[in-house]
Amino acid sequence: MLKIDADVAAVKAVGRAAAKRRRAAAHAASPDAGARIAANLLRAVSLPEGAIVSGYCAMGDEADPLPSLLALAAGGHDLCLPVTPKRGLPLSFRLWRPGDALERGVWDIPVPPATARDVEPSVLLVPLLAFDRAGYRLGYGGGYYDRTLAMLKEKGPVLAIGIAYADQEVESVPREVTDQRLDWIVTEEGAIRTDGRTDE
């Protein structure tokens, strides 16, 4: 099993360069993708009432979840943002409201200040490099979201939603035993249930 996982990790590493090129092209071609993703998310995905939703601050050419977060906040959901810990640990989360100041965290990723309240989300909007319709994502290699989803699922129901451009879809993402499946992938073209049904 260790050798198999090592082989899969190597395949993932090779695939990341191509995935980054596809994402950059999709980002340039779809300047309004964030708003379209938000519309598809609100139309297709039913979130638990009162759920705390984790987003992320889009870096570079990542699909932007901000329009989705603003809409969810307007609908009464509390929001939080992830804080990257030391390598090997799961993410932590701090409460965030639209308009709140952010500070620079690990890798200059904007995060709520340390004075913000720590919370645990039950809905996560997740960035990615590539995805398949089985709900698996190609991430950045640190394993943070996989560890975090595994930890949260031990405590209760969690809804994991990948936020992406449609052109980030691949036929199959190489899979390791620690990879956590997403429940939905929402793109500017529609919302994909990972049980095989689509809503587009």
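The values are calculated or read from the model by the stated rules, or taken from the named source; none is laboratory data. Being a predicted model, the structure only gives us computed values, none of them experimental. Cβ coordinates were reconstructed from backbone atoms using ideal geometry, including for glycine residues, and neighbour counts include every protein chain displayed.
The table for this structure:
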quantity: Qualifying residue in region 57-70 (condition: aliphatic (A, V, I, L, M), touching a Leu at 6+ places or on another chain (Cβ under 6 Å) and without any contact (Cβ under 8 Å) to a residue 60 or more places away in the chain); calculated: yes
quantity: Scan of region 6-48 for residues that are within 26 Å of residue 159 (Cα to Cα) and of a type in the set (Lys, Arg), ordered by number; calculated: 12, 16, 20, 23, 36, 43
quantity: Selection within region 181-200 - modelled with pLDDT of 95 or more and either in contact with a Gly (Cβ under 9 Å, 6 or more places away or on another chain) or in a helix (DSSP H, G or I) (or both); calculated: 181, 182, 183, 184, 185, 186, 187, 188, 192, 193, 194
quantity: Among the residues listed as 140, 165, 145, the single one being under 23 Å from residue 27 (Cα atoms), within 14 Å of the chain's Cα centre (by Cα) and modelled with pLDDT under 95; calculated: 140
quantity: Residue match in region 134-156 (condition: in contact (Cβ under 8 Å) with a residue 24 or more places away in the chain, over 29 Å from residue 7 (Cβ atoms) and surrounded by fewer than 14 Cβ atoms within 10 Å (Cβ to Cβ)); calculated: yes
quantity: Region 20-51, residues that are touching a residue at least 24 places away in the same chain (Cβ under 8 Å) and of a type in the set (Ser, Thr, Tyr); calculated: 30
quantity: Residue 140 vs. criteria of a type in the set (Phe, Trp, Tyr) and in a loop (DSSP other than H, G, I, E, B); calculated: yes
quantity: Subset of region 79-101 [touching a Gly at 6+ places or on another chain (Cβ under 9 Å) and either basic (Lys, Arg) or surrounded by fewer than 17 Cβ atoms within 10 Å (Cβ to Cβ) (or both)]; calculated: 84, 87, 88
quantity: Condition check for residue 117: basic (Lys, Arg), modelled with pLDDT of 95 or more and surrounded by fewer than 20 Cβ atoms within 10 Å (Cβ to Cβ); calculated: yes
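Per-residue answers, yes or no, for (1) more than 22 Å from residue 104 (Cβ to Cβ); (2) under 12 Å from the mean Cα position of the chain (by Cα); (3) charged (D, E, K, R):
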{"site": "33", "(1), (2), (3)": "yes, no, no"}
{"site": "39", "(1), (2), (3)": "yes, no, no"}
{"site": "45", "(1), (2), (3)": "yes, no, no"}
{"site": "53", "(1), (2), (3)": "yes, yes, no"}
{"site": "65", "(1), (2), (3)": "no, yes, no"}
